[in-house]
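As structure tokens, the structure follows; a few thoughts come after it.
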Amino acid sequence: LVCTGMGPRGERPPKPAGDGGRGRGGRGGRGKGAGDDTPRPIAHSVVPAPAPNGPSVPKPNVLPLPSPNTSSSKKPPPRAPSTGAGKKTTAERDRAEQRVREEQARVAAAAFALEAQRQAVLDEKTRLRDLQDEELRKIQAARAERNRLRSITTDPAQKIPPETIKKGDSSIKKNTALSKKLGKVSEESRATTLADLQTTNCGKYLTEAAAALVSCKLKAPDVAAVVEVCSFLHRAYGSEFGTVFVEKLSLAVFPDAKVFQQKKGKGNDEASASSHSDDQSNNTPLQRRFAFRVLCEAHLVGVLESAKPVFLCVAEFCKARHGTDSDNFAHSLASLASFAKLYGEEFIGAEDEGEKSDHPESKTSEDGTQKKRMLQTLPRTPNRVQGDVA
């Protein structure tokens, strides 16, 4: 028999039992017959030796000890050397991935640009809406002021009595100074000019006063000041001032128009020629547009009783052609656009249904018929003009 010091795998060798102990596998306590403390030998598992001719005895379940040169982790198998086909496949895959990334970046950039463009369109719409609202507020404020001034001009109680006019200074010196001031009327000098008119008797110098007003170099805010001065002169001197004023103002709008030159009298040829030469120095397209605005406002506030001079000017504007004079054509288009925006409701009648117009010509059928007749005489603009403008 061969004695070994090891038991089966996972077990300790059994402890020997004492006399009277609990048997094999017990704790070896002292039995009934235990009386000495002599240490007993440790029992070892005994594996019988193989018989010479008998069957082989199984070996105990013992794992072999690891070799000191053996590693616990297995190394990956060696990588096969890459061939040309493998390299080509890898390069194609990398290029495909690069194209995908570039396409994603392009799509993201296009989406960002589209969003920015959409936001720009919204901002532009908001800006245009604000501008439109601002223009509408200005037009409404101008109409309210026009209605107020018309109520004063057409009110008989607001007429300046002749006795008050006769008390004013009628000297040449005073009227000359007044004419110079009338030639420089502006929004800032409106109050002082009206105060001077109240203390001056210019009944003998209405032609000079009208010529001075026509020769003003105006800006857009100055139109209302000139119209209020005209309203005061109309209340003081009646239609005598209005007749002279409309003749000179119509010539300022169209100096070369035959329809306005026919109104010259034989005795006033020299005076008209001198005033026409004076108006030529101020005959710029912008000043002509402002003169046309003054003419329209003068009719709307009651200084001019008839709208015929206004429609004659509109007809002259419509006669402009692009091929003949491009500058005059652009000036005519700008004047007609301003006329339609500012006075379209009053002169053309483009108003809401049920809304009563305060325009003077809408009150009588005769004047309304005259307006329709004047509109029918306006020449139609051919379709090619729109293409030229574009």
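The values are calculated or read from the model by the stated rules, or taken from the named source; none is laboratory data. Just so we're clear, the structure is a prediction, and the values are computed from it rather than from any experiment. With ideal geometry, Cβ positions are generated from the backbone for all residues, glycine too; neighbour counts draw on all protein chains shown. Heavy atoms of the whole protein, side chains included, go into the accessibility calculation; ligands, DNA and RNA do not. Shrake-Rupley method; radii C 1.70, N 1.55, O 1.52, S 1.80 Å.
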Peptides 183-190, 138-145, 105-112 ordered by average Cβ neighbours within 10 Å, highest first: 183-190, 138-145, 105-112
Sequence of Y205, Y343 when ordered by accessible area, the most exposed leading, probe 1.4 angstrom: Y205, Y343
Solvent-accessible surface (1.4 angstrom probe) belonging to S332, in square angstrom, nearest 10: 0 Å²
For the range 192-227 and the range 88-116, distance of Cα centres in Å: 74 Å
Heavy-atom accessible area per residue - the range 175-223, 1.4 Å, Å²: 49 Å²
Distance in nm between pseudo-label sites at L128 and I165 (7 Å out along the Cβ direction from Cα): 5.2 nm
Inter-label distance, nm, simple model (7 Å from Cα along the C-beta direction), E103/K204: 9.6 nm
Simple spin-label estimate for T176 and E305 in nanometres, 7 Å along Cα-Cβ: 3.6 nm
Extent along principal axes [Cα atoms of the range 86-210; Å; largest to smallest]: 116, 31, 20
Whole-Å semi-axes of the ellipsoid equivalent to the range 97-161 (Cα gyration tensor, √5λ, descending): 62, 5, 4
